[in-house]
Amino acid sequence: MTNSIGELEKDSRCIFVIGSNPTDNHPVIGMKIKKNVLYNGAKLIVADARYTDLASIADVYLPHLPGSDVALLNAMMNVIIAEGLADQAFIEENTEGYEEMAKVVSSYTPEYAETITGVPADDIRKAARLYAQSGPAAICYAMGLTQHSTGTDNVKSVCNLAMLTGNLGRPGTGVDPLRGQNNVQGACDMGGLPNVYTGYQAVTNEAARAKFEEAWQVKLPDQNGLTLTETINKAHHGDIKALFVLGENPMMSDPDLHHVEAALKHLDFLVVEDIFLTETAQLADVVLPGACFAEKDGTFSNTERRVQRVRKAASAPGQARPDWEILCDLATRMGYPMSYASSEEIFKEITSLTPSYAGMTYARLEGKGLQWPCPTIEHPGTPYLHKDGKFSRGKGAFSAIEYKPPFELPDEEYPIVLTTGRSLFHYHTGTMTRRCQALDEHVPEAKLEVHPELADKLSIIEGERVRLSTRRGSIEITAHVTERIVPNVVFMPFHFTEAAANWLTQSDLLDPVAKIPEYKVSAARIEKL
Amino acid sequence: MAQEYRIVLANAGKIDPASLDDYLNAGGYKSLEKVRTMSAKELIDLVRSSKLRGRGGAGFNAGMKWGFVPETAPETYVVCNLDEGEPGTYKDRTIVEADPHLLLEGMAICAHAIRSKQGYIYCRGEYPFVVDHLNRAIEQAKQSGQLGDFNIEVRMGGGAYVCGEETALIESIEGHRGEPRFKPPFPGVAGLWGKPTVVNNVETFANLPAIVKNGSEWFASIGSPNYPGTKVFTLTGDVVNRRPFEVPTNTTIRELIFDLGGGIPNGKAFKAVQIGGTSGAFIPEHLLDTPLDFDSMRDAGITLGTGAVFVMDETRDMVDVVTRIAKFFEHESCGKCNPCREGTFRSYELMKKIKTGQATPSDVENLSTLSKVMTKACLCGLGQAAPTPILTTLEHFSDDYKRRLLAAIS
Amino acid sequence: MIRLTINGREVEAPRGSTLLQACQLNGIEIPTLCYDPDLRLAGSCRMCIVECKNRPLFLASCVAPAEEGMVIETHSDQIMQARRVILELLAARHDFSCQTCDKNGDCTFQDYCYEYGIKESSFEDGGRRIYTVDDPNPFLERDYNKCIMCTRCVRACEEITVARAINVENRGHHSKIAVAFDGYLEDSPCVFCGQCVMVCPTGALTSKVSAGQGRAFEVDRVLTTCTYCGTGCTLELNVKDDRVVGVSSNREEEWSPVNKGALCVKGRFGWDFINSPDRLTTPLIKENGEFREASWDEALDLVAQRLQEVKDQHGPDSLAMFTSARVTNEENYLAQKFTRAVLGTNNVDHCARL
């Protein structure tokens, strides 16, 4: 997030939620948005193929078809430019590339966008005016925007929209990706990515590499590594021979599980470190028992870049150990001695190598934590980025982006769009929540959301078991007939191993830049059983 | 011999209430025309100096109440309380049935003083015919342009007694549970939809045209000096003339019951009178010479209330009557504040215990303590006044209680 | 600042304070039940009443503005008696089953009954309503036999969670907290966040997941960060005998900067996986398609040896590491350090995109 969660509760005068269902997926953020909208007069725009809880209180609801985000966003910008609602001063002072962007956007009239998105042109106009004219406006998005073949384009488009209206660098404005996992921000910040060290220092940058070589006293590879999805593909081809999986569950979370299963089985050696014998761990050669969050010290970084303490509350069961201890032990056995007295000592090493974390210490994290960048020990942390329109690269760059359709469009054989996501009552691959008695009792199975029109057409009734198929495979699932989804789209959560959505998703074609799979659009077919 | 003196009922029976022309011919809407030539401040000063005090029960100076509305408020409301939920009270209905335009004119005068464009009449749920009657009058007044740009809407209550309390009434108009708000802020500052609002009783509004017409000195000279004007009383119970009377406020209780009311029927002797509604005090013989003005009554430990006069003869047992009243409050407590929600329930429980001869003296003491706490600790007037019948009968008619306790012992 | 006299002492308070705030600022403790600094004021429990000279009524200090020159008594005989009556009235609708209550020792109502010496109620002639406790949801126990109608749950549901699932039903003594038509929470807009449990001053609302596992005085509360979504809510793990038995939350912004104590259903009720019998407790090595238990030394030696073999045979880029969006920063740091420095490849990634 460029800005802070708290701003969504009071500072934002308009909130544009696109491809995100905070009430279910980021409930406490959802509460803050609702509070602002219902009691504090903030305007709300929701763009989603599902009629979410927030959609039900929105000033404008845009039920755009999955994968049509760029067309929708371009049309909103078209209206903003055409009606003179752009922030010219901000554009001139702080950005570049406006002309190219404006040229592309000029052909996306709301009427044209209506043919792509299915959203009435007037609603697009209304949304554009509301976003541009309400005062500080924030954009919240999540995987509904990013898990597309055009995920990178979609994100660039929301950045365009924010820059066009000067909605950056002030409280209540911003481009706010709501990140789905407790420490996904931290895993990225810590260099858990194939192209960067901590704090996004590129592995291909000589100076950065030299710094880490010096600190770690070892020669480091200078080429970008493989992303997760690429790794699976390479394992499938036999180029990756051994894989260490630390607390991940690709056998649930990754696209096209047939493909993942074949790839993992093709490995010479798979080691999985986890707290449960997950679907992935079952395929491992060696399984190492880790401690869960309640059993160790450390830090998590949340979606607003806030680094907060995690504290040990109880001992890990049996011989389970914190992951950091296991990693140290293993490195030492492989001839690279690693030894730390505590997680705090590791954190000190992190801050010494990571400018954005440099000013943090465990003592300073007590209480409210700190939001990076926090470069010095006196720095109070950074609640919002790009203050006064200052971008880290100098000027904010507009991107001229054309709409591209999703890879897999519905056709005669697979006439329906399948989109996937989460339920309020479960989390990601269900490893933890399926083992929480109350949560699993309350929501014990996946349900496929089907619009009544589609249900009628297929003669499906509420609670009926159906077969849902894509080109990758098929599963059996219970249908839930609801008007909360647009007619030709069906939705299912991916938490349930009994009916895992990712048997159906595809892994061949990814977003060319971010390598993200297109979970939100698969061509599918439903059959009665 | 005490006489009626009619201000708010001046047209009653003389004009056709369904006819706007009749009202106009009787001088109607002339006062409203007159106030339109006055500034808001002049009007408020006029009403303040007339010493007109609220006829709903609290007896607050009407002009002062209006004066609390901030002059700069862009949006204000005039609300007329026609909830009239007090058993035995039917004065507001009487006024409105006889002369609906008098109320509308009074509200419009108030609207001029607080620069309001919208008025509401909150009408008792049991008066559906009054709603029709008022809507017809509003339509006439609007059509003929008498009200100018002031709109009046009639809202109907759902039969909850507590909605006669001004803030609960406001909550009800807003569509919420009928529960009182804590004060401050008072409605004059933050009332209906958070905007400055004047809530007055029907009778208060109905006095305004005459005050504007005849001047504040004229009004201030009628009845008791501190609570001038007239008051409409509705007589019920063991009294010969069970009907409304409008009398100057220096009339005594005795005059009202015996001169105008014709005394106790069937040759029975007077025992008690409850004035002001269900939550009013029970008054014994020796206080009957108290004048019917707010301050004199208060000094005698009586609240004037809404003008209900409930007369009881010698055959009535106070425990029976008060048990019935306690049941009423147990039923009508909204449940918001602890002492009222639980207190009215326990009061009724203890009264039943006394009535059925199962109570000990400590139960009576318990009841008395609870009642005293309720009068001071409850959130709104309902809970504060609910114990009054218990406390006043314990004080003046303790024999009725003792008899029941003795029965328990023997 | 304004000046007023409280309990014979002249004190100061900022203009615009309530009497309660003025008292708190000056170290005078006033009992409250319905008051909650984060919620809309109700002014309804009347426990915070005080006496003000020249005012006929007691003032509910939580809603009464402090005014210049007021002379206030907070603990006079009259006030103490009134509070005792109010507590007795509440005690008469409460089942007083403290011995078996999960909130025993952590109950504001119990504390006040103790402080004001309420051992039983003088108002108990069979008037207590008996409520059935049968909401089938697996998260929240709703026992209205312990409810004192402070309505904090209603306000928390409306103002913190904005779910608006519950409200007061019926009137007077018959009023109770209910969802529409007195149905089940499951059929209401309830999202089972448990904010109502958080604000409840009695044992009326408790966690079914924690029931019977530990009372406030038996548990340590360890402040930590939630393990689910990326919001980063602060929560407290309640620990008894080295075992997590529940989750509570800290409402101070200073300690709970993101959520001020608010949580969702997973954060508040989704902690028992920690104690799941399915937890891995020992390293496992697969032999002939079956796992067998192994010692750490054996397992780690095997992993080290196999990774080294692959690296030696196929080069470092034939190795890869999936680190995790769920483990700590420190562990992610070590995972990528291990991958880059020990395995010698940049093939490290996690499920950020999934």
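The values are calculated or read from the model by the stated rules, or taken from the named source; none is laboratory data. Being a predicted model, the structure only gives us computed values, none of them experimental. Note: ideal-geometry Cβ built from the backbone for every residue, glycine included; neighbour counts use all protein chains shown. In case anyone asks, the SASA skips ligands and DNA or RNA and just uses the protein heavy atoms, side chains included. Shrake-Rupley method; radii C 1.70, N 1.55, O 1.52, S 1.80 Å.
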Open item on the list: Need pairs with beta-carbon distance below 9 Å; first residue in contact (Cβ under 8 Å) with a residue 24 or more places away in the chain and within segment C:79-96, second among the acidic types (Asp, Glu) and part of a helix (DSSP H, G or I); sequence gap 6+ or separate chains.
Closed with: C:ILE86/B:GLU342; C:GLU88/B:GLU342; C:LEU89/B:GLU342; C:LEU90/B:GLU342; C:ALA92/B:GLU342; C:ARG93/B:GLU342
Open item on the list: I'm told C:SER249 meets every condition in (1) closer than 24 Å to C:PRO37 by Cα; (2) facing chain A (nearest Cβ under 7 Å) except one. Can you identify the failing condition by its number?
Closed with: (2)
- [ ] Please work out which one of (1) polar (S, T, N, Q); (2) open to solvent by 40 Å² or more (accessible area, probe 1.4 Å); (3) in a loop (DSSP other than H, G, I, E, B) is the condition C:THR345 fails and give its number.
- [x] (2)
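Listed here are the residues, each with its yes/no results for (1) polar (S, T, N, Q); (2) within 24 Å of A:PRO322 (Cβ to Cβ); (3) open to solvent by 10 Å² or more (accessible area, probe 1.4 Å); (4) in a loop (DSSP other than H, G, I, E, B).
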position: C:LYS311; (1), (2), (3), (4): no, no, yes, no
position: C:ASP317; (1), (2), (3), (4): no, no, yes, no
position: C:SER324; (1), (2), (3), (4): yes, yes, no, yes
position: C:THR339; (1), (2), (3), (4): yes, yes, no, no
Open item on the list: Checking the condition open to solvent by 10 Å² or more (accessible area, probe 1.4 Å) and either assigned by TED's automatic domain parsing to the domain that holds C:ARG46 or more than 20 Å from the chain's Cα centre (by Cα) (or both), which residue from C:GLY172, C:GLY117 passes?
Closed with: C:GLY117
Open item on the list: Condition (residue is out of contact with any His (no Cβ under 6 Å at 6 or more places or on another chain), assigned to a loop (DSSP other than H, G, I, E, B) and within 25 Å of B:GLU395 (Cα to Cα)) applied to segment B:217-238: is it met by at least one residue?
Closed with: yes
Task: For A:ILE116: the one exception among (1) more than 25 Å from the chain's Cα centre (by Cα); (2) surrounded by fewer than 22 Cβ atoms within 10 Å (Cβ to Cβ) - done: (1)
Open item on the list: Just the residues that are within 11 Å of chain C (Cβ to nearest Cβ), assigned to a helix (DSSP H, G or I) and out of contact with any helix residue (DSSP H, G or I) (no Cβ under 7 Å at 6 or more places or on another chain), please, taken from segment A:417-469.
Closed with: A:GLU441, A:HIS442
Task: One residue from B:GLU126, B:GLU179, B:GLU203 being touching a helix residue (DSSP H, G or I) at 6+ places or on another chain (Cβ under 8 Å), assigned to a loop (DSSP other than H, G, I, E, B) and over 19 Å from B:SER19 (Cα atoms) - done: B:GLU179
TODO: Answer with yes or no whether A:LEU409 is open to solvent by 70 Å² or more (accessible area, probe 1.4 Å), of a type in the set (A, V, I, L, M) and touching a residue at least 40 places away in the same chain (Cβ under 8 Å).
DONE: yes
Task: Members of segment C:71-112 found to be open to solvent by 10 Å² or more (accessible area, probe 1.4 Å), of a type in the set (A, V, I, L, M) and within 14 Å of chain B (Cβ to nearest Cβ), listed by number - done: C:MET80, C:VAL85
- [ ] Note down all Cβ pairs under 7 Å where the first residue falls in segment C:284-305 and is closer than 12 Å to A:LEU288 by Cβ, the second is loosely packed, with under 13 Cβ neighbours inside 10 Å, and they're at least six residues apart or on different chains.
- [x] C:LEU284/C:ARG292; C:ILE285/C:ARG292
Task: Per-region count, segment C:201-244, residues in a loop (DSSP other than H, G, I, E, B), touching a residue at least 40 places away in the same chain (Cβ under 8 Å) and more than 7 Å from chain A (Cβ to nearest Cβ) - done: 8
Task: Only one of A:GLU349, A:GLU344, A:GLU325 that is in a helix (DSSP H, G or I), assigned by TED's automatic domain parsing to the domain that holds A:CYS188 and free of Cβ contacts under 8 Å to residues at least 40 places away in the same chain - done: A:GLU325
Task: Filter result for B:PHE329 (within 30 Å of C:LEU33 (Cβ to Cβ), free of Cβ contacts under 8 Å to residues at least 40 places away in the same chain and assigned to a helix (DSSP H, G or I)) - done: no
Task: Selection status of A:ASP388, outside the structural domain of A:TYR519 (by TED's automatic domain parsing) and either of a type in the set (S, T, N, Q) or assigned to a helix (DSSP H, G or I) (or both) - done: yes
TODO: Sort out which residues of segment C:25-53 are part of a loop (DSSP other than H, G, I, E, B), more than 9 Å from every other protein chain (Cβ to nearest Cβ) and either open to solvent by less than 60 Å² (accessible area, probe 1.4 Å) or in contact (Cβ under 8 Å) with a residue 12 or more places away in the chain (or both), and write them in order of number.
DONE: C:ASN26, C:ILE28, C:ILE30, C:PRO31, C:THR32, C:TYR35, C:ASP36, C:ASP38, C:LEU39, C:ARG40, C:CYS48, C:LYS53
Task: Residues being more than 19 Å from the chain's Cα centre (by Cα) and either part of a helix (DSSP H, G or I) or within 16 Å of C:MET321 (Cα to Cα) (or both) - total across segment A:163-200 - done: 4
Open item on the list: Out of everything in segment C:276-306 that is within 46 Å of the chain's Cα centre (by Cα) and over 25 Å from A:THR431 (Cα atoms), what residue ends up being surrounded by the fewest Cβ atoms within 10 Å (Cβ to Cβ)?
Closed with: C:ASP297
Task: Flag if C:ARG251 is of a type outside the set (A, V, I, L, M), assigned to a strand (DSSP E or B) and surrounded by fewer than 22 Cβ atoms within 10 Å (Cβ to Cβ) - done: no
- [ ] Answer yes or no as to whether C:LEU280 is facing chain A (nearest Cβ under 7 Å) and touching a Pro at 6+ places or on another chain (Cβ under 6 Å).
- [x] yes
Open item on the list: Looking for something open to solvent by 20 Å² or more (accessible area, probe 1.4 Å) and at the interface with chain C (Cβ under 8 Å from one of its Cβ atoms) - is there at least one such residue anywhere in segment A:239-247?
Closed with: yes
Task: Among the residues listed as A:ILE18, A:ILE116, A:ILE57, A:ILE5, the single one being within 14 Å of chain C (Cβ to nearest Cβ), of a type in the set (Val, Ile, Thr) and within 27 Å of A:VAL521 (Cα to Cα) - done: A:ILE57
TODO: Would you confirm whether any residue within segment B:291-314 is modelled with pLDDT of 95 or more and surrounded by fewer than 16 Cβ atoms within 10 Å (Cβ to Cβ)?
DONE: yes
TODO: Could you please tell me which pairs satisfy a Cβ distance under 9 Å, a separation of 6+ or placement on different chains, a first residue in segment C:334-354 that is more than 7 Å from chain A (Cβ to nearest Cβ), and a second residue that is open to solvent by 10 Å² or more (accessible area, probe 1.4 Å) and not basic (Lys, Arg)?
DONE: C:THR339/A:GLY225; C:LEU343/A:MET334; C:LEU343/C:PRO316
